[in-house]
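What follows is one structure encoded as C-alpha cells, with my remarks underneath.
The values are calculated or read from the model by the stated rules, or taken from the named source; none is laboratory data. Since we're looking at a predicted model, the values are computed, not measured. Heads up, the Cβs are rebuilt from the backbone with ideal geometry, glycines too, and the neighbour counts pull from every protein chain shown.
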Amino acid sequence: MSAWLRRLVRSFGFAFAGLGHIARTQPNFRFHLVAALLVLAAGLVLRVSAAELALLGLTIGVVLAAEALNTAVESAVDAIAAPPSLPAKHAKDAAAAAVLITAITAIAVGAFVLGPRLLALR
C-alpha cells in the first residue's frame, strides 16, 4: 500500500473515531440522527422528488456537521480554558447557537418539503 493511501485510510479512521465518539457521548447528536431518519423515512413514504430528498439530506448533513463542530469547540475550550472564562463561555455559546440556527433552518426546510404532502393526507 502506498504512503498516500495509508494516510488516507488513517484519516478516515480518525474521522470515524470522531463520529463514534460524538454518537456515544452527545445526546443531541443522537436526537438529530433519529429526527433525520424519521424525516428521510417520511420523505420516502410521501414520495418526494429526488431533488427534494437531496435537499432534505443536505440539510440533515449540515445540522449533523454543526453538532460535530459544536462538540469540537466545547472539547477544545474545555481543554484550554481552566478555570472557565467569559470568552470561553462565549465561544461555547456561539457554537451552540450555530447548531440552533441550522436546526431551525432544517425544520423550515422540512416543513416546506413535507408539509404540503402531510396536509394533503387529511
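Things worth noting here:
- For Phe12: the one exception among (1) surrounded by fewer than 16 Cβ atoms within 10 Å (Cβ to Cβ); (2) closer than 21 Å to Gly115 by Cα: (2)
- For Leu5: the one exception among (1) of a type outside the set (S, T, N, Q); (2) in a helix (DSSP H, G or I); (3) touching a helix residue (DSSP H, G or I) at 6+ places or on another chain (Cβ under 9 Å); (4) modelled with pLDDT under 95: (3)
- Ala82 being loosely packed, with under 15 Cβ neighbours inside 10 Å and more than 18 Å from the chain's Cα centre (by Cα): yes
- Taking the criterion of being surrounded by 14 or more Cβ atoms within 10 Å (Cβ to Cβ), over 16 Å from Ala111 (Cα atoms) and charged (D, E, K, R), the residues of the stretch 23-68 that qualify are Arg30, Glu67.
- Qualifying residue in the stretch 69-79 (condition: within 15 Å of the chain's Cα centre (by Cα), over 24 Å from Val109 (Cα atoms), exposed (fewer than 14 other Cβ atoms within 10 Å of the Cβ) and not hydroxyl-bearing (Ser, Thr, Tyr)): yes
- Set side by side, the residues Arg24, Arg47 differ, and just one is in a helix (DSSP H, G or I), modelled with pLDDT of 95 or more and of a type in the set (Lys, Arg), which is Arg24.
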